[in-house]
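The values are calculated or read from the model by the stated rules, or taken from the named source; none is laboratory data. All values reported here derive from a predicted model rather than from experimental measurement. Because the Cβ atoms are built from the backbone with ideal geometry, glycine has one as well, and the counts that use them run over all protein chains shown. Only protein heavy atoms, including side chains, enter the accessible area calculation; ligands, DNA and RNA are left aside. Shrake-Rupley method; radii C 1.70, N 1.55, O 1.52, S 1.80 Å.
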Amino acid sequence: MEDELEDRVLHQTYVSFMKIFSRFTSSIAFDTPVSYLWKMVRLYLLRSEVVVFTLGIIILFMYLQTIELWSRTLLSRLSQALYPLSAVQRMKLMEASSSDKQSWELKGSLSAAYAIKGRRMHMEDKFIINENINNTGISLFAIFDGHGGEFAANYAKDHLIQNLYNKVVELNAFKDGKIINPPSHDSQETPKKEQEINVSIERKTSFKKSVSAADDSSKKEITDPELLAQLSKARPITREVRTTTKPVKNITVPLSSYLEKGKINFGKLLTDEVLAADRLLVEAAKRSLNVAGTTALIAVLEDNHLIVANVGDSRGVMCDSKGNAIPVSFDHKPQQVREQKRIEAAGGYIAFNGVWRVAGILATSRAMGDYPLKDKNFVIADPDILTFNLDDHKPMFLVLASDGLWDTFSNEEAVKFIKERIDEPDFGAKSLTLQAYYRGSVDNITVLIINFLHNKISSSNISQ
């Protein structure tokens, strides 16, 4: 009763004030147009409900400004709605040559990749194209979709890929009898300085700058405020690092263990190298208190065989000779029965926060890095390995992409889109990336296309 009485008193006070104010202003003589305008203002704009609504809107915008949601992203959407840009202007914006890079691209002889920062503040996607490694006839492609910062994606790109490159060269030499007594090889050994790759790849200036910028990624701060906020709230998961006197134990794996009947067992090689790189990544992340993580999608081509290793929710899709979309990897999501059981068996849980997340934090159930969740075994880095005989599918092309694409495209839509643009210089990679952006993808977007239509992807023929 007291609250209701107080509301009535406030309302009557406001009404009385407005009546007095209206009588005072109505007594002032104006010219006819001004007088008419003032009457409209008094009748409509100075009504109590209009004033309250206006104040509410002002307070809402002040709140959004305070929590930094009223940013250039929202402003840019409003400006695009009012003053839409043409397709040509949008592409030029993506290819801006300023220090704030928006796009990265790389072109190989029969593969191409295109990536954009999109609507994110920072670019955390990384990609690799290594065709015909050291003239071995083996090609390596990879996409890393980082989260919580660039540290993990850069680490995987620089260390995991270099280790795989070195192992492929050594195993190929050992298989051919060029190495008689192979040295003991440490699967977790920090890789040596990058060797020059003898492959004719046209590198764009933007890509070169991206590589050079990655060298200082370990010094950058964590860029995902939601991740940090969740980590600080979740009691079972802490950013505190316990000092350990024992470093990660090195695991010596002989080269011969990766050979079966004169062939390289890429499934075992990829699994061992991903897990080894993840152990070193977690150790490095703990030293710098960096909670970043990354997905890993790696494809290896040898003769007529395709081997795909996947950790996380980046995805690969192959277009067969009939135009069908054949998935070559499957996303790791917390709500999947297998993943949910594993997480709960480790003492964890999944919670819905926009999407299903591990402990309410991470939207993928497997990743490299993410040491607060990795220490609890809620998140693992074990890759799924799928092997395909290309003679069975006679593929036209292969699409590898981060989830920034798959948020707006289904497998079938992406295959159909590329099939119509495979004759473009970059095999449709750029067009597909930009189309995902126009459809509203809010993530970094990276698309890598491997074209099989010319029968050769390396020194060995691929039958169709």
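If residue 120 satisfies every condition in (1) modelled with pLDDT under 95; (2) charged (D, E, K, R); (3) under 12 Å from the mean Cα position of the chain (by Cα); (4) outside any loop (DSSP other than H, G, I, E, B) but one, which is the exception?
Answer for residue 120: the failing condition is (4).
Please give the number of the condition residue 438 fails out of (1) closer than 24 Å to residue 332 by Cα; (2) surrounded by fewer than 16 Cβ atoms within 10 Å (Cβ to Cβ); (3) within 21 Å of the chain's Cα centre (by Cα).
All conditions are met except number (1).
Against the conditions (1) under 18 Å from the mean Cα position of the chain (by Cα); (2) of a type in the set (Lys, Arg); (3) at pLDDT below 95, where does residue 333 fall short? Just the number, please.
Residue 333 satisfies every listed condition except (3).
Being open to solvent by 10 Å² or more (accessible area, probe 1.4 Å) and within 18 Å of residue 404 (Cβ to Cβ) is the filter here; which residues of the stretch 146-161 pass it?
The answer is 147, 150, 157.
Take residue 380 and decide whether it is in contact with a helix residue (DSSP H, G or I) (Cβ under 6 Å, 6 or more places away or on another chain) and at pLDDT 95 or above. Reasoning before the result, please.
Values: in contact with a helix residue (DSSP H, G or I) (Cβ under 6 Å, 6 or more places away or on another chain): no; at pLDDT 95 or above: yes.
No: the conditions fail for residue 380.
Checking the condition in contact with a Lys or Arg (Cβ under 8 Å, 6 or more places away or on another chain), at pLDDT 95 or above and not in a loop (DSSP other than H, G, I, E, B), which residue from 432, 448 passes?
Details: 448 fails: in contact with a Lys or Arg (Cβ under 8 Å, 6 or more places away or on another chain).
Testing whether each residue is in contact with a Lys or Arg (Cβ under 8 Å, 6 or more places away or on another chain), at pLDDT 95 or above and not in a loop (DSSP other than H, G, I, E, B) leaves just 432.
Take residue 263 and tell me if it is open to solvent by 10 Å² or more (accessible area, probe 1.4 Å), more than 15 Å from residue 367 (Cα to Cα), at pLDDT 85 or above and in contact with an Asp or Glu (Cβ under 9 Å, 6 or more places away or on another chain).
yes
When both residues are 6+ apart or on different chains and their Cβ atoms are under 9 Å apart, which pairs have a first residue that lies in the stretch 168-181 and is farther than 20 Å from residue 268 by Cβ and of a type in the set (Val, Ile, Thr), and a second that is surrounded by 14 or more Cβ atoms within 10 Å (Cβ to Cβ) and modelled with pLDDT of 70 or more?
Between residues of the stretch 168-181 that are farther than 20 Å from residue 268 by Cβ and of a type in the set (Val, Ile, Thr) and residues that are surrounded by 14 or more Cβ atoms within 10 Å (Cβ to Cβ) and modelled with pLDDT of 70 or more, the close pairs are 180/174.
Kindly list, by first and then second residue, each pair from a residue in the stretch 128-150 that is charged (D, E, K, R) to a residue that is in a strand (DSSP E or B) and open to solvent by less than 10 Å² (accessible area, probe 1.4 Å), limited to pairs with Cβ atoms under 6 Å and residues at least 6 apart or on different chains.
Matching pairs, first to second residue: 131/139; 145/125.
Please enumerate the residues belonging to the stretch 314-323 that are on the phi < 0 side of the Ramachandran plot, of a type outside the set (Ser, Thr, Tyr) and at pLDDT below 95.
Keep residues of the stretch 314-323 that are on the phi < 0 side of the Ramachandran plot, which gives 314-322.
Still in the running and of a type outside the set (Ser, Thr, Tyr): 315-320, 322.
If the condition is that a residue be on the phi < 0 side of the Ramachandran plot, of a type outside the set (Ser, Thr, Tyr) and at pLDDT below 95, then 320, 322 are the ones that fit.
Given the condition open to solvent by less than 60 Å² (accessible area, probe 1.4 Å) and at pLDDT below 90, answer yes or no: does some residue in the stretch 90-97 qualify?
In the first step, residues of the stretch 90-97 are kept if they are open to solvent by less than 60 Å² (accessible area, probe 1.4 Å); the result is 94, 96.
From the residues that got through so far, the ones that are at pLDDT below 90 too are 94, 96.
Within the stretch 90-97, one or more residues are open to solvent by less than 60 Å² (accessible area, probe 1.4 Å) and at pLDDT below 90.
Inspect the stretch 357-378 for any residue being open to solvent by 20 Å² or more (accessible area, probe 1.4 Å), part of a loop (DSSP other than H, G, I, E, B) and closer than 16 Å to residue 272 by Cα and give the result as yes or no.
no
Restricting to the stretch 380-416, and then to whatever is of a type in the set (Asp, Glu) and touching a strand residue (DSSP E or B) at 6+ places or on another chain (Cβ under 8 Å), can you tell me which residue is least open to solvent (accessible area, probe 1.4 Å)? Don't jump to the end; show me each part of the working.
Of the residues in the stretch 380-416, the ones of a type in the set (Asp, Glu) are 382, 384, 391-392, 403, 407, 412-413.
Filter again for touching a strand residue (DSSP E or B) at 6+ places or on another chain (Cβ under 8 Å), leaving 382, 384, 403, 412.
On the way: 382: 69, 384: 46, 403: 27, 412: 114 Å².
Only one residue fits best here, namely 403.
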